Structures are given as C-alpha cells and as structure tokens.
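Worksheet for the structure shown next.
The values are calculated or read from the model by the stated rules, or taken from the named source; none is laboratory data. What you see is a predicted model; the values in this text were computed from it and never measured. A quick note on method: Cβ atoms are made from the backbone with ideal geometry, for glycine too, and the neighbour counts reach across all protein chains shown. For accessibility, only protein heavy atoms count, side chains too; no ligands or nucleic acids. Shrake-Rupley method; radii C 1.70, N 1.55, O 1.52, S 1.80 Å.
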Amino acid sequence: MHDIRTIRDNPDAFDAALARRGIAPLAAGLLARDAARRARILAAETAQADQNRASREAGAAKAAGDTAAFEALRTLVAEKKAEIARLTAEAEAEDAGLRAELMTIPNLPRADVPDGADEGGNLEIRHWGTPRTLGFAAREHFDIPGARPGFDFPAAAKLSGARFVVLRGALARLQRALAQYMLDLHTGAHGLTEMWTPVLVRSEAMEGTGQLPKFAEDSYQTTNGWWLVPTSEVTLTNLVAGEILEGAALPLRMTAHTQCFRSEAGSAGKDTTGMLRQHQFEKVEMVTICAPDQSRAEHERMTRCAEAVLEGLGLPYRTVVLCTGDMGFGAERTHDIEVWLPGQGRYREISSVSTCGDFQARRMNARFRPAGGGKPEFVHTLNGSGLAVGRTLIAVLENGQEEDGSITLPEALRPWLGGKGRIDASGALV
RNA sequence: GGAGAGGUGGCCGAGCGGUCGAAGGCGCACGCCUGGAAAGUGUGUAGGCGGGAAACCGCCUCGCGGGUUCGAAUCCCGCUCUCUCCGCCA
C-alpha cells in the first residue's frame with residue numbers, strides 16, 4: 001500500500017511511476033479524497049475535544065456543588081455527542097474509502113526496472129549452462145517413455161478434474177527428493193531458517209501480501225472463510241504482521257515447503273497438457289524480512305539462492321528482470337528465472353524473485369526499531385521461489401531424457417533417491 | 001463440541017467510575033559515581049492519526065465491537081484469542 005503522504009509530497013512522481021505500468025494518473029483523485037478525509041477528521045476531533053473539556057468541567061461543577069452549571073454542561077455534552085457520532089462516521093467512511101482505493105493500486109517499479117508492455121520487454125541479466133544436444137526429437141515430460149507410467153492424469157481427473165495430477169512410483173519419489181534437496185540446500189549452504197506453516201489463512205493475511213482484495217478470484221476460499229494459500233509467501237511474510245522487530249535481528253531469511261493452490265482463473269487453454277500449470281502444486285519458498293538499506297543486496301542474494309538450486313541440478317537457465325508491464329502487483333523489481341525445457345524448446349519460468357520494498361509492510365503494519373534506537377520504520381519484504389517443485393520435476397525429466405526412453409537424473413539428488421540415478425524406459429527407478 | 005479461567009506498555013505486574021496513556025519492578029538509553037567496570041544513583045523510555053513553519057497542541061488506543069454514564073482500563077452485553085479440564089480425533 002502506498003503512503004498518502006508520499007503522494008501528497010510528490011504527486012507527479014507517483015503518477016509518472018504509475019504511467020510506467022500503464023496506469024492512468026490517480027494522484028489528483030487520491031489527494032482530493034485525502035483532503036476531504038482530513039477535513040472530516042479535524043471536525044470530528046475538534047468536537048470530541050469540546051466534549052472532553054465539557055465533561056471535565058461538569059465533573060468539577062458537580063464537585064463544587066454548582067448544580068446549574070452542571071446541568072448546563074451536561075446538556076452541552078449531550079449535544080456534542082450527537083454531533084461527534086455523525087462527524088466520526090463521516091471521517092471513518094472517508095478514511096476507509098481512501099484506504100480501500102490505495103489497497104488496489106500496485107507497487108511502483110523501481111527506477112532500474114526496464115519499461116515494457118509485456119514479457120517481450122523483459123531483459124536477460126545472465127544465463128547459465130548450455131542445453132544438451134540430444135540427437136533425437138526431444139519429448140515433453142508427459143511423453144517420455146520412462147516418465148509416462150508415473151503421470152496418471154486420468155486418475156487425477158477422476159478424483160479432482162482438470163489441472164491436477166497423480167504421481168506414481170518413481171515420479172512421486174523424485175518430487176519428494178527434489179523438495180528435500182532444495183530445503184537442505186537452503187537451510188545448509190544458504191543459511192535460511194526452515195519453517196512449516198499453515199496453508200489455510202485468514203483474509204487479513206491475504207491482504208497483507210496483496211492477494212486481496214483485488215485478486216480474490218485467483219484463490220480458493222473455504223466455506224468458513226479461510227483461504228488456501230497460493231504460495232507460502234503469504235504465511236512466511238505475514239509472520240511479521242503487526243510486529244515491531246529489533247533491527248539487530250534483521251535480516252530474517254526463511255524457507256518453507258508447502259502445497260500451493262491457485263484457481264488459474266484467466267489462464268484457460270494455457271498449458272493444459274502435462275503438469276506445468278496445476279491447481280495444486282508444491283513449492284519451496286524463500287522470504288526475507290530486512291531493513292530498507294539491506295533489500296537490494298538481499299534481492300540479489302535470494303536470486304542467487306534460487307539459481308544455485310538449478311546449478312546443482314545441472315539445469316540450464318536464464319535470469320531476466322521483468323519489465324514494468326510484466327511485474328506482479330506487489331513487486332518493485334522482479335527477477336524471473338527460466339529453466340530450459342527441451343520438450344518445448346524454450347525457457348519457462350521456474351522461479352520469480354521479487355523485492356516489494358515497504359509495500360507489503362505497510363499493508364501488514366510490519367516494522368522494526370532501528371539498531372541505534374529511534375522510531376519504528378517499515379521493514380522491506382522479499383519473496384522468491386526456490387523453486388517450484390513440480391516444474392523442477394518437469395525440467396529434470398526433460399533435460400535428462402535419453403533416446404532409449406530412459407531418464408538420467410542429476411547426481412545431486414542421489415542422497416534422496418536411495419543412491420539411484422536413473423529412471424529406465426519402463427518407469428522404474430534404478 | 002462442553003465447562004472454567006484469563007487478555008493492561010518491550011517484558012512482568014498494580015489499578016477506588018473522573019486528577020490514568022496508566023503505580024511499581026525488569027529491560028533499555030543517557031548522565032553521575034569509578035583509574036575502568038560492577039554495585040549504587042539521577043533522568044528518560046508506547047504507537048497511530050490530525051493541526052502547526054516550528055515550539056507545541058488536539059484526538060484515538062488498556063484483546064475487538066457495542067452499551068450505561070456528564071465522564072469507562074474500571075460497570076453491562078456480544079465477539080475473539082490464549083490457557084486448563086472433559087469429549088472427539090491424525
């Protein structure tokens with residue numbers, strides 16, 4: 001959420017930044033609303049101050065035995081009371097209205113984000129690895145002979161419908177191994193704290209990270225009001241909601257492996273075959289809570305943590321910085337990591353690492369007390385996939401496929417695969 | 001799901017319907033003391049919003065929301081969360 005005072009101080013800069021995201025100017029409307037709001041607040045508080053004073057004087061008059069004065073003041077308070085009720089209701093309505101509007105406005109892109117209308121404007125900032133030369137026609141993950149027995153889409157359709165998968169045998173094992181490998185890498189070499197969090201959350205949590213109020217249709221809600229998290233960014237980030245952290249304790253770097261649930265509203269027809277885009281999938285997420293002067297370095301660090309997962313698995317990737325038109329709601333800068341998928345012959349997103357500045361912190365009211373003392377300030381929040389486990393499974397299968405239909409698995413996974421290193425053409429882990 | 005107890009500042013913990021944003025303690029910060037420290041001692045120490053160039057002033061917050069009252073941390077009602085016991089349960 002944006003700070004109305006910042007907009008007040010520099011409305012042109014606000015509108016200019018919005019324009020980079022293709023949004024029409026909003027500052028004038030917001031400031032008119034803000035002026036009305038403040039006028040109401042002032043009126044309500046002035047009336048309240050009048051009442052408080054009259055009440056004190058009434059008490060004094062009563063103590064002094066001055067009945068006439070007491071009765072007069074009592075009448076005055078009663079009058080003020082009705083006035084206050086009306087004025088505060090108006091003030092609260094204005095305040096809520098302004099806040100509601102601010103809650104729907106996306107974060108502003110940082111100056112170093114490239115302009116662009118869509119993903120065509122993204123810029124590669126680095127790449128790693130070279131796609132194998134296969135010498136045969138690459139298959140997509142669901143078409144590789146060794147993988148086919150492990151994917152049971154008909155069974156998933158029977159249980160749940162489209163965009164679900166049942167994994168069987170070697171593939172179920174492989175997915176588990178991938179998640180364990182990622183968690184161990186992040187908690188070990190990268191020093192993140194492993195967390196385990198709920199996947200059902202209150203609306204407040206979804207508002208804190210920006211999924212609500214604007215994107216309700218993208219998530220699922222239970223009959224009693226809980227939301228299924230679309231990513232554990234929601235739980236990990238909201239851990240600090242409403243808190244005032246000690247500056248010396250920052251940065252907090254966390255990771256969690258959870259199920260994620262997305263309605264995929266609006267992506268009808270996209271990626272309908274295979275398990276690339278599912279309503280339920282696994283993700284190892286990373287979240288960092290830090291001081292404002294730490295967030296740039298933390299963003300780079302987190303990006304490197306995600307890239308390290310792919311490097312450990314020997315999967316070629318490229319990292320792009322998203323242009324203004326392709327960024328998500330809460331981000332001020334995003335790095336997408338795209339893994340090479342031989343079956344599609346192109347790079348596909350496997351991780352998205354964003355720094356949100358104080359955008360989420362304002363929504364959550366998450367602050368820290370600077371190390372040297374002083375007023376609490378809003379923290380900065382960052383989140384990134386490290387990585388999407390299902391998509392990593394796809395990448396491992398497609399990149400490891402052999403002409404005979406078998407699949408060579410990354411060496412790095414052996415500790416979690418009972419020492420085994422390939423899936424044969426019949427689908428057995430050997 | 002049933003019964004009971006309880007939510008006060010960074011923490012612990014008092015609080016008669018007004019003088020209470022709140023005693024006291026701990027912690028923390030700064031000073032005194034000291035060769036330096038400890039101990040001792042003094043002072044300070046919540047957040048948000050609004051007005052103001054500033055000094056400063058006002059408003060709100062004792063889990064949340066209502067009510068009673070001239071006046072509520074204190075009385076009443078509802079909700080919520082935590083804890084204990086019972087029930088159920090992976």
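Which of the residues belonging to the stretch A:61-71 are near RNA strand B (Cβ under 8 Å from one of its atoms) and surrounded by fewer than 16 Cβ atoms within 10 Å (Cβ to Cβ)?
Those that are near RNA strand B (Cβ under 8 Å from one of its atoms) and surrounded by fewer than 16 Cβ atoms within 10 Å (Cβ to Cβ): A:62, A:63.
If a residue has to be more than 12 Å from RNA strand B (Cβ to nearest atom) and part of a helix (DSSP H, G or I) to count, how many in the stretch A:1-55 make the cut?
Selection size over the stretch A:1-55: 16.
Tell me which residues, restricted to the stretch A:72-99, are more than 9 Å from RNA strand B (Cβ to nearest atom), without any contact (Cβ under 8 Å) to a residue 24 or more places away in the chain and open to solvent by 80 Å² or more (accessible area, probe 1.4 Å).
Residues satisfying the conditions are A:79, A:86.
Considering only residues that are among the polar types (S, T, N, Q) and not in a loop (DSSP other than H, G, I, E, B), look in the stretch A:219-249 and name the one that is surrounded by the most Cβ atoms within 10 Å (Cβ to Cβ).
A:237
Can we say residue A:271 is assigned by TED's automatic domain parsing to the domain that holds residue A:142, out of contact with any helix residue (DSSP H, G or I) (no Cβ under 6 Å at 6 or more places or on another chain), free of Cβ contacts under 8 Å to residues at least 40 places away in the same chain and assigned to a helix (DSSP H, G or I)?
In short, no.
Is it the case that some residue within the stretch A:331-340 is modelled with pLDDT under 95 and touching a Pro at 6+ places or on another chain (Cβ under 6 Å)?
No, every residue in the stretch A:331-340 fails to be modelled with pLDDT under 95 and touching a Pro at 6+ places or on another chain (Cβ under 6 Å).
Of the residues A:397, A:417, A:382, which is at pLDDT 95 or above, crowded, with 24+ Cβ neighbours inside 10 Å, over 30 Å from residue A:333 (Cβ atoms) and of a type outside the set (S, T, N, Q)? Break it down into steps so the answer makes sense when it comes.
Values: A:417 fails: crowded, with 24+ Cβ neighbours inside 10 Å; A:382 fails: over 30 Å from residue A:333 (Cβ atoms).
Of the residues listed, the single one that is at pLDDT 95 or above, crowded, with 24+ Cβ neighbours inside 10 Å, over 30 Å from residue A:333 (Cβ atoms) and of a type outside the set (S, T, N, Q) is A:397.
Need the failing condition index for residue A:184 against (1) touching a Lys or Arg at 6+ places or on another chain (Cβ under 7 Å); (2) acidic (Asp, Glu); (3) within 14 Å of residue A:389 (Cβ to Cβ), just the number.
(1)
Do any helices (runs of 4 or more DSSP H) lying entirely in the stretch A:100-218 carry at least 3 residues that are surrounded by 18 or more Cβ atoms within 10 Å (Cβ to Cβ), and which ones are they?
A:170-187, A:203-209
Counting only residues that are on the phi > 0 side of the Ramachandran plot and open to solvent by 30 Å² or more (accessible area, probe 1.4 Å), how many does the stretch A:400-414 have?
Residues flagged as on the phi > 0 side of the Ramachandran plot and open to solvent by 30 Å² or more (accessible area, probe 1.4 Å) within the stretch A:400-414 amount to 0.
Filter the stretch A:252-304 down to residues that are polar (S, T, N, Q) and farther than 30 Å from residue A:166 by Cα and give me whichever is surrounded by the most Cβ atoms within 10 Å (Cβ to Cβ).
A:288
Only residues in the stretch A:41-64 that are on the phi > 0 side of the Ramachandran plot count as the first member; pair them with residues that are loosely packed, with under 13 Cβ neighbours inside 10 Å and of a type in the set (Val, Ile, Thr), Cβ under 8 angstrom, at least 6 apart or cross-chain, and list the lot.
none
Just one of the numbered conditions (1) surrounded by fewer than 24 Cβ atoms within 10 Å (Cβ to Cβ); (2) among the polar types (S, T, N, Q); (3) at pLDDT below 95 is not true of residue A:360; which one?
Only one criterion in (1) surrounded by fewer than 24 Cβ atoms within 10 Å (Cβ to Cβ); (2) among the polar types (S, T, N, Q); (3) at pLDDT below 95 is unmet by residue A:360, namely (1).
I'd like the full set of residues that are under 21 Å from the mean Cα position of the chain (by Cα) and more than 16 Å from RNA strand B (Cβ to nearest atom), limited to the stretch A:340-369.
A:348, A:349, A:350, A:351, A:352, A:353, A:354, A:355, A:356, A:357, A:360
Please tell me if residue A:276 is assigned to a loop (DSSP other than H, G, I, E, B) and in contact with a strand residue (DSSP E or B) (Cβ under 9 Å, 6 or more places away or on another chain).
Here the answer is yes, as residue A:276 does meet what is asked.
Could you please find all residues in the stretch A:1-60 being more than 31 Å from the chain's Cα centre (by Cα), of a type in the set (Val, Ile, Thr) and buried (at least 16 other Cβ atoms within 10 Å of the Cβ)?
Of everything in the stretch A:1-60, just one residue is more than 31 Å from the chain's Cα centre (by Cα), of a type in the set (Val, Ile, Thr) and buried (at least 16 other Cβ atoms within 10 Å of the Cβ), namely A:41.
If you scan the stretch A:370-401, which residues turn out to be free of Cβ contacts under 8 Å to residues at least 24 places away in the same chain and away from RNA strand B (no atom under 16 Å from the Cβ)?
A:400
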